[in-house]
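Below: the structure, in structure tokens.
The values are calculated or read from the model by the stated rules, or taken from the named source; none is laboratory data. As the structure is a computational prediction, the values presented were derived from the model and not from experiment. Every residue, glycine among them, receives a Cβ derived from its backbone with ideal geometry; neighbour counts consider all protein chains shown.
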Amino acid sequence: MTFVPVAVERPGGGRIEDKTPPGPADIVVVGGLEGPIPMHRCAADGWAALTGAARADGHAAPLLLPVSGYRTFEEQAWLWKAALAKYGDPDVACLWVARPGTSAHQSGRAIDLHLGDPIESEYAEGMRTTAIHRWLVAHAATFGFYPYDVEPWHWEYNPPWDVSGPAGE
Ligand SMILES: [Zn+2]
């Protein structure tokens, strides 16, 4: 029953470094808050295990349903344009939306999770005080997920290689 997250990059164990897009065979689709969400199959397995544990601890749906997962370069470019329009200053915008080509979302292993509020910067402070966010801080690494401090909803699947890497490596 114990879930062992499968490492994707080395050394792992923190934010995603390798932002290579997943191959088509590595992309699976998960039911999200507002529709189907594509993501890396290893991140999907980690997300399913994490969500199962959270549900057992009393955090009911729709909490933790994904709102965003794998993004193509074109989707990231569209989001970046919208962030520039919202924030005006690119140095502020890039705190909330990565420039096209630099987003962890293009790896398919970054997931934005529904924590009860819209995924907008205005709600970030409040989301950090929720029970579900405290649960994630305490448990997410067990399932291979690491936080991005600016965005309480954004979690990156990147388990450490030394724990779960292939034998003999
Ligand atoms: Zn994100």
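Observations, loosely collected:
- Condition check for Thr142: part of a helix (DSSP H, G or I) and out of contact with any Cys (no Cβ under 8 Å at 6 or more places or on another chain): yes
- Residue in the range 6-26 that is closer than 17 Å to Leu113 by Cα, of a type outside the set (Lys, Arg) and part of a loop (DSSP other than H, G, I, E, B) present: yes
- Residues that are part of a loop (DSSP other than H, G, I, E, B) and free of Cβ contacts under 8 Å to residues at least 40 places away in the same chain were ranked within the range 54-96; the one that is nearest to Arg15 (Cα to Cα) is Arg71.
- Note on the range 1-16: residues that are over 12 Å from Tyr157 (Cβ atoms) and either small (Gly, Ala, Ser) or free of Cβ contacts under 8 Å to residues at least 40 places away in the same chain (or both) total 2.
- The residue that is surrounded by the fewest Cβ atoms within 10 Å (Cβ to Cβ), counting only those in the range 97-123 that are more than 9 Å from the ligand (Cβ to nearest atom), in a helix (DSSP H, G or I) and in contact (Cβ under 8 Å) with a residue 24 or more places away in the chain, is Ser121.
- When Ala93 is tested against (1) in contact with a strand residue (DSSP E or B) (Cβ under 9 Å, 6 or more places away or on another chain); (2) among the aliphatic types (A, V, I, L, M); (3) farther than 18 Å from Tyr70 by Cβ, just one condition goes unmet, and that condition is (1).
- Residue in the range 145-169 that is farthest from the ligand (Cβ to nearest atom), counting only those that are over 17 Å from Glu122 (Cβ atoms), hydrophobic (A, V, I, L, M, F, W, C) and modelled with pLDDT of 95 or more: Phe145
- The set of residues in the range 71-93 being within 14 Å of Val150 (Cα to Cα) and in contact with a helix residue (DSSP H, G or I) (Cβ under 8 Å, 6 or more places away or on another chain) consists of Ala93 alone.
- Residue under evaluation Ala140, criteria (1) surrounded by fewer than 19 Cβ atoms within 10 Å (Cβ to Cβ); (2) within 16 Å of the ligand (Cβ to nearest atom); (3) aliphatic (A, V, I, L, M), criterion not met: (1)
- Any hit, the range 76-96, residues being within 21 Å of Ala7 (Cβ to Cβ) and within 14 Å of the ligand (Cβ to nearest atom): no
- Leading residue by the ranking (surrounded by the fewest Cβ atoms within 10 Å (Cβ to Cβ)) among those in the range 124-135 that are in a helix (DSSP H, G or I) and free of Cβ contacts under 8 Å to residues at least 60 places away in the same chain: Glu125
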